[in-house]
Amino acid sequence: DVKVTQSSRYLVKRTGEKVFLECVQDMDHENMFWYRQDPGLGLRLIYFSYDVKMKEKGDIPEGYSVSREKKERFSLILESASTNQTSMYLCASRVSMTNVLTFGAGSRLTVL
Amino acid sequence: DAKTTQPTSMDCAEGRAANLPCNHSTISGNEYVYWYRQIHSQGPQYIIHGLKNNETNEMASLIITEDRKSSTLILPHATLRDTAVYYCIVRVAVRGGSEKLVFGKGTKLTVNP
C-alpha cells in the first residue's frame, strides 16, 4: 500500500559530494513537495512542483535544486553537500486543488 | 494564513479519548482546518479536515466551534500507536497548484499504558 516512495531511508555522504534524493508516487498526483525537518524547527519547505517540468522555490531553497521530468518522480539534488544539510528529508504529493498531502517515510541524510 | 496555537505536549491514557485543542482566532471565512500527525521517524499523515461542520472519519473526529476560532481533534479510543506529534493547520482551499501547507510545531501526544 506504499504510495510515496523515497529511494533511500538512510544516507551518509561527505562534504562536497553531489547527492540525489529520489521520490516516486504512484497516485498520479500533479503536485509534489520536498521538505526538510530539523529538531525545534519543524517542517520547512524546500521546493515544490505543481506539474511536470514546473518548480517553485519554497522557504529554504538555497543549496538545493530539483528535477521533475516525469509526473511520478520528483528529485532533490544537493549540488555540493554541506554539514548543515544533515537532516530528515520528506517528500510529499497531492492531487491539485486539495490540501491533502501524502508523505513518504523520509530520508535521513548525514553529511560528514 | 491564520496562525494556530497548540499545546506543546499532552498525555492520555490508553483506551481513553484524546482531545487535542487548537486555537485559530484569526481564521477567515474561507479557511479550512487540517489535522496531520507524525509518528516518530515517519512522514506526516493526513487525518481530517473541515470548514464549519464537525467531521468524522475512521481515524478521528473534528469539532469546530461555532465562531470557528478554535477546534478539537478527538481520537475516541487512543492506543499506544497514536503516540505522535499532531499538527493543526489552517489554510484556504487550494485554488491553483502552487499553494503549500505550512507545518508548525504541533502537539506531542503521549498515550500511556
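Some observations on this one:
- If the condition is being surrounded by fewer than 16 Cβ atoms within 10 Å (Cβ to Cβ), of a type outside the set (Gly, Ala, Ser) and within 13 Å of another protein chain (Cβ to nearest Cβ), then region A:15-43 contributes A:27, A:38, A:39, A:41.
- Residues located in region B:51-92, provided they are buried (at least 19 other Cβ atoms within 10 Å of the Cβ), under 17 Å from residue B:5 (Cβ atoms) and among the small types (Gly, Ala, Ser): B:71
- For region A:68-84, the set of residues classified as more than 19 Å from residue A:57 (Cβ to Cβ) and part of a strand (DSSP E or B) consists of A:70, A:73, listed by residue number.
- If you go through region B:18-36 and keep only what is buried (at least 17 other Cβ atoms within 10 Å of the Cβ) and hydroxyl-bearing (Ser, Thr, Tyr), you end up with B:32, B:34, B:36.
- Residues (at the interface with another protein chain (Cβ under 8 Å from one of its Cβ atoms), of a type in the set (A, V, I, L, M) and part of a strand (DSSP E or B)) located in region A:88-112: A:90, A:92
- Every test in (1) over 13 Å from the mean Cα position of the chain (by Cα); (2) more than 30 Å from residue A:9 (Cα to Cα); (3) at pLDDT below 95; (4) not aliphatic (A, V, I, L, M) is passed by residue B:12 save one, and that test is (3).
- Within this structure, residue B:102 passes the test of being at pLDDT below 90, within 13 Å of chain A (Cβ to nearest Cβ) and within 23 Å of residue A:104 (Cβ to Cβ).
- Residues within region A:50-77 that are more than 14 Å from every other protein chain (Cβ to nearest Cβ), among the hydroxyl-bearing types (Ser, Thr, Tyr) and over 12 Å from residue A:23 (Cβ atoms), tallied: 2
- Residue list for region B:31-59, restricted to those being part of a strand (DSSP E or B), closer than 15 Å to residue A:37 by Cα and either among the small types (Gly, Ala, Ser) or more than 10 Å from every other protein chain (Cβ to nearest Cβ) (or both): B:37
The values are calculated or read from the model by the stated rules, or taken from the named source; none is laboratory data. Only a predicted model underlies this, so the values are computations on that prediction, with no experimental measurement involved. Heads up, the Cβs are rebuilt from the backbone with ideal geometry, glycines too, and the neighbour counts pull from every protein chain shown.
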